[in-house]
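**Student:** My questions all concern the structure below.
The values are calculated or read from the model by the stated rules, or taken from the named source; none is laboratory data. Quick caveat: nothing in here was measured; it's all calculated off a predicted structure. Cβ: placed from backbone, ideal geometry, glycine included. Neighbour counts: every protein chain shown.
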Amino acid sequence: MHFHQHGYVSADPRIEAAAGYGIDRPEELPDEVDVLIVGSGPAGMIAAAQLSQYPEVNTRLIEKRDSRLVIGQADGIQARSVETFQAFGFAEEIMREGYHIVDMAFWNPDPKNPEHIIRTGRPKDDEAGISEFPHLIVNQARVLDYFAQFAKQSPARITPDYGIEFVDLQVAEVGVGSGTSGSADSDHPVTVTVRYTAGERAGEERTIRAGYVIGCDGARSGVRKSIGRTMTGDQANHAWGVMDVLANSDFPDIRTKCAISSKHGNILHIPREGGHLFRMYVDLGEVPADDARKVRETSVDDIIARANAIISPYSIDVKNVAWHSVYEVGHRLTDAFDDTDDTTPGSPSPRVFITGDACHTHSAKAGQGMNVSMQDGFNISWKLGQVLSGRSSHELLRTYSAERQVAAKNLIDFDKEWSTLMATPQEDLPDETYLQDFYVKTAEFPAGFMTEYAESMITTAPRHQELASGFPVGKRFKSARVQRTCDSNFVHLGHEARADGRWRIYVFADGAAPTVGGGRTSSTGKTGAPGPDTSKVTQLAEWLEFDPASPLVRYRREGEDLDALVELSVVYQQEHTEFSFPDVPTVFRPHVGEFDLEYVEKIFATLPDEDIFEERGISRDGAVVVVRPDQYVSGIFPLDAHDEISEFFEGVFLSEK
Ligand SMILES: Cc1cc2nc3c(=O)[nH]c(=O)nc-3n(C[C@H](O)[C@H](O)[C@H](O)COP(=O)(O)OP(=O)(O)OC[C@H]3O[C@@H](n4cnc5c(N)ncnc54)[C@H](O)[C@@H]3O)c2cc1C
């Protein structure tokens, strides 16, 4: 962690100094806000956490519940989510707390006695090593707690406004290219009616004005209805009897995740964090539209009896039911995730966004709901932060629906295939290991790593992909290990990126080692012609630090650190013993904070037996990898493509100079 740049910190370094709207943040929901988040589920809480890093944006989150979520709902945390938690600073803590899925066992009817089940396979959960992060099981309530802690400790000091319900909203027309500035109305054109659901004001309605609204209010979303979006998809829901129980059992895989298919039905079995506890999803089948919620009357005793029939000859002896529910869900999707159909550049930009279950729902079998919802919330919140802090044009907001609607659609298609296969009796599948093979083959999808954003103002075409084939443009930046030069520590490059709203440029050097005298030294006030080192990386460094077209120069505000908007890291091909940080161009060791301290921890060397250049297919001629705040690769550039880099950022940021 990096935290002494503003002076010595002796208390918990995760608690950042309050700033902007975080200073004396009012308890009461104000009449006017920049961003109103509706709902404190995974989508809403990650959005609040991200926006808490933008203290100049007045963000509030309303939740109709009167306090935090206590129990139940989703529990499967995909590796991509753990990677995201790393950026929010709580991956290690949640990994300690969670149940780690290592294998997944498949059980099917015993051909010799079809009344009984036998284990037919136990593949590794991540056979191909898709991620260095684990696949975890942790209750949704804990995930929300961690985001809440991050939001509260960040500069904007955001905490949910519990006990306030969204009722309706209206968006006033503010004209073409709206929202850039102007009257209060054009900045806050959304009038939202809310109602207090708890406390002294329970039942009272009031209106507030918002610049933007993010609807994170779940499958029955009122925000979605208020903007006229409808869910389309399955006519029937699929129902599961879900129970979290403390039980004894002779089933040998009671502490292993299992897909169990028997003559008597199917179970998705999930051991839970903390020992003893496990969750069973007992398949209750398709529920016709005219069921009138009868399936919801299925009792926990029925669910337990069914479970015992399915796992015969084994059984469970339930001692305590911690939570149970009948969870009904279909594959449904809205056609867009915001309130505008007009995507013409310059037309009024969207003002209302919907995320998570409010715009797409999935089966529980692939465990996607919470995971994909978090990525929605992450995506829209940094974009709103960037637009509202005047860094980018409103056009950026259109990319939210364009990116996430397609991601959700692809996921639903995958989930349909997986849940259909899981419900197919063993004898109807092409062979005994068909389901298991499909699980292994498609593992990247449910792990959350198949999202690939198309070309847009924030994603280039993959013109230079061959320079870094292991960082596909549009996909999330896949970390690899390097060695920090200043202190010889082994670090995972991607794990260093915080969810602080900054963009990142990773410079992978050409073969030349850094040499003293390469370039000017702005930090000491000296300027002059480049020194004898004319390697491409040194020339790039010179351009990045001094050229008016460089993103670090052009978009930097008066008084800001060099790395305030875009953080720069450099990785050399040499080992860390072959050079020292003073040999490296000054742009890679910027001076930060009021004490003007040189920051030398973003200079890395290659590991001799784990060469990142080999592992990620990076050209020995070097490459520049640009990564956006939510960790997706925006573009790859040759080291000397200064104009191209400049042009790319011109489409992203608004000029300061
Ligand atoms: C009862 C239940 C059980 C579930 N069980 C499972 C499961 O077993 N496995 C699984 O994978 N997934 C399960 N899910 C789905 C999973 O929890 C969701 O996919 C995931 O939580 C989606 O996150 P979200 O943030 O979009 O919405 P949610 O987590 O649904 O959060 C929406 C939030 O908005 C609040 N809200 C709603 N309306 C308003 C309003 N008008 N005003 C203010 N606040 C409002 C809600 O109280 C809630 O806190 C379950 C969902 C529910 C509701």
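**Student:** Which one of these is closer than 21 Å to R404 by Cβ, among the hydrophobic types (A, V, I, L, M, F, W, C) and modelled with pLDDT of 95 or more: A49, A91, A105?
**Tutor:** A49
**Student:** Next question. Quick one: count up the residues across the stretch 284-308 that are surrounded by 18 or more Cβ atoms within 10 Å (Cβ to Cβ) and either touching a helix residue (DSSP H, G or I) at 6+ places or on another chain (Cβ under 7 Å) or more than 30 Å from L429 (Cα to Cα) (or both).
**Tutor:** Final tally of qualifying residues: 2.
**Student:** If you don't mind, there's one more thing I want to ask. Can you tell me which residue within the stretch 117-153, out of those that are of a type in the set (A, V, I, L, M) and in a loop (DSSP other than H, G, I, E, B), is nearest to the ligand (Cβ to nearest atom)?
**Tutor:** The extreme case among them is V138.
**Student:** Scanning the stretch 382-420 for residues that are closer than 17 Å to Y555 by Cα and among the basic types (K, R), which turns out nearest to the chain's Cα centre (by Cα)?
**Tutor:** Filtering first and then ranking leaves K383.
**Student:** On to the next question. Across the stretch 341-362, what is the number of residues that are in a loop (DSSP other than H, G, I, E, B) and either within 8 Å of the ligand (Cβ to nearest atom) or in contact (Cβ under 8 Å) with a residue 12 or more places away in the chain (or both)?
**Tutor:** 11
**Student:** Quick one: would you say S67 is within 16 Å of the ligand (Cβ to nearest atom), over 20 Å from the mean Cα position of the chain (by Cα) and hydroxyl-bearing (S, T, Y)?
**Tutor:** Yes.
**Student:** Looking at G89, G44, can you tell me which residue is out of contact with any Phe, Trp or Tyr (no Cβ under 6 Å at 6 or more places or on another chain), within 16 Å of the ligand (Cβ to nearest atom) and not assigned by TED's automatic domain parsing to the domain that holds A239?
**Tutor:** G44
**Student:** Is it fair to say L29 is under 30 Å from A447 (Cα atoms), surrounded by 15 or more Cβ atoms within 10 Å (Cβ to Cβ) and at pLDDT 95 or above?
**Tutor:** no
**Student:** Of all residues in the stretch 477-503, how many are part of a loop (DSSP other than H, G, I, E, B) and of a type in the set (D, E, K, R)?
**Tutor:** The total comes to 5.
**Student:** Right, here's the next one. Evaluate the following for E56: is it buried (at least 20 other Cβ atoms within 10 Å of the Cβ), modelled with pLDDT of 95 or more, touching a Phe, Trp or Tyr at 6+ places or on another chain (Cβ under 9 Å) and assigned by TED's automatic domain parsing to the domain that holds V190?
**Tutor:** no
**Student:** Filter the stretch 472-507 down to residues that are of a type in the set (K, R) and closer than 24 Å to H642 by Cα, then give me how many there are.
**Tutor:** Qualifying residue count for the region: 4.
**Student:** Within the stretch 306-323, can you find the residues that are part of a strand (DSSP E or B) and out of contact with any Asp or Glu (no Cβ under 7 Å at 6 or more places or on another chain)?
**Tutor:** I316, D317, V318, K319, N320, V321
**Student:** For the stretch 164-276, which fully contained strands (runs of 3 or more DSSP E) count at least 3 residues that are within 23 Å of S393 (Cα to Cα) and away from the ligand (no atom under 11 Å from the Cβ)?
**Tutor:** 205-215
**Student:** Shifting gears a bit: Taking K365 as meeting all but one of (1) part of a helix (DSSP H, G or I); (2) more than 19 Å from C216 (Cα to Cα); (3) of a type outside the set (G, A, S), write down the number of the exception.
**Tutor:** So the condition that K365 fails would be (1).
**Student:** Going by the structure shown, is Y8 without any contact (Cβ under 8 Å) to a residue 12 or more places away in the chain and either out of contact with any Ser or Thr (no Cβ under 8 Å at 6 or more places or on another chain) or not assigned by TED's automatic domain parsing to the domain that holds A322 (or both)?
**Tutor:** Here the answer is yes, as Y8 does meet what is asked.
**Student:** Still on this structure, I have one more. Determine the pairs where a residue that is in contact (Cβ under 8 Å) with a residue 24 or more places away in the chain, located within the stretch 397-422, has a partner that is surrounded by fewer than 17 Cβ atoms within 10 Å (Cβ to Cβ) and part of a helix (DSSP H, G or I) with Cβ atoms under 8 Å apart, the partner being 6 or more residues away or on another chain.
**Tutor:** W418/F438
**Student:** Moving to a separate point now. Please count how many residues of the stretch 380-395 are away from the ligand (no atom under 13 Å from the Cβ), under 20 Å from A49 (Cα atoms) and in a helix (DSSP H, G or I).
**Tutor:** Result for the stretch 380-395: 7.
**Student:** Still on this structure: For A156, state whether it is in contact (Cβ under 8 Å) with a residue 24 or more places away in the chain, of a type in the set (G, A, S), in contact with a strand residue (DSSP E or B) (Cβ under 7 Å, 6 or more places away or on another chain) and not in a strand (DSSP E or B).
**Tutor:** Yes.
**Student:** Going by the conditions given, is S373 more than 8 Å from the ligand (Cβ to nearest atom) and hydroxyl-bearing (S, T, Y)?
**Tutor:** Answer is no for this residue.
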